[in-house]
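The values are calculated or read from the model by the stated rules, or taken from the named source; none is laboratory data. Just so we're clear, the structure is a prediction, and the values are computed from it rather than from any experiment. Reconstructed Cβ throughout: ideal geometry from the backbone, glycine too, with neighbour counts over all protein chains shown.
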Amino acid sequence: MNTFDVAVFDFFHSIANPFLTYSFYTATWFFNAIPATFLFLLASFFICMWGTRKSLTEFWGAIGFSYALVWAIKVWVNFPRPELGIITAFGPSFPSAHTALATTFFFFFLRFMRHEKNIFRRWVHILFCVLSPVVVGMSRLYLGVHWFSDVLAGFTIGVLALIVSDYIWKKFHTHVFSLD
């Protein structure tokens, strides 16, 4: 932790109120283990309906890679969480798994609206998919269970998981289907 991490922690601690606590707790709840599993399964259902098997494979590959990378780093770094948070979280602090998974999840769905003709719908979708992981990251800061550097690393891992998943799929797809 550095002085910027402490300053961000102190700022969120200073603005605490019941409305923000309820709002940020709700935002972070969706990426707790059980709700996130149901959210990912529901998303998988819609990907199957509107997407392709490739999309579903890439989705689960990105989510799995994001999760595995977060926990490998958590175990390796083993950095303590902030004290005096609004809620209690367990395990090492760095990086934020909630933020990484939210980033992977929502950024994955950015690609589904790229062909949308209705500009208003497209921009609403883009804003929702970009702002949602930001809100989840802020919720982790507000609730006092992560440092700013944890959340920043979570965003980075979420984006990296999508890049790696896309790269691996393209390599696999090119290799397998180039034999025709």
For the stretch 36-54, which residues satisfy the criterion of being loosely packed, with under 10 Cβ neighbours inside 10 Å and within 14 Å of Phe109 (Cβ to Cβ)? Met49, Trp50
Just to be sure, is Phe24 loosely packed, with under 12 Cβ neighbours inside 10 Å, aromatic (Phe, Trp, Tyr), farther than 19 Å from Ile163 by Cβ and under 20 Å from the mean Cα position of the chain (by Cα)? no
Please go through the stretch 93-127 and pick out each residue that is more than 19 Å from Ser55 (Cβ to Cβ) and surrounded by fewer than 19 Cβ atoms within 10 Å (Cβ to Cβ). Lys117, Asn118, Ile119, Phe120, Arg121, Trp123, Val124, Leu127
Among (1) of a type outside the set (A, V, I, L, M); (2) surrounded by 13 or more Cβ atoms within 10 Å (Cβ to Cβ); (3) not in a loop (DSSP other than H, G, I, E, B), the one test that Gly85 misses: (3)
Would you check if Pro80 is at pLDDT 95 or above, within 22 Å of Leu152 (Cα to Cα) and not in a helix (DSSP H, G or I)? no
Here are the criteria: (1) of a type in the set (A, V, I, L, M, F, W, C); (2) within 16 Å of Leu162 (Cα to Cα); (3) touching a Phe, Trp or Tyr at 6+ places or on another chain (Cβ under 6 Å); (4) surrounded by fewer than 19 Cβ atoms within 10 Å (Cβ to Cβ). Tell me which single one Phe59 does not satisfy. (4)
Single residue of Phe65, Phe12, Phe31 found to be surrounded by 18 or more Cβ atoms within 10 Å (Cβ to Cβ), aromatic (Phe, Trp, Tyr), within 14 Å of the chain's Cα centre (by Cα) and in a helix (DSSP H, G or I): Phe65
For Gly144, work out the one condition from (1) out of contact with any Pro (no Cβ under 7 Å at 6 or more places or on another chain); (2) closer than 24 Å to Thr21 by Cβ; (3) surrounded by fewer than 22 Cβ atoms within 10 Å (Cβ to Cβ) it doesn't fulfil. (1)
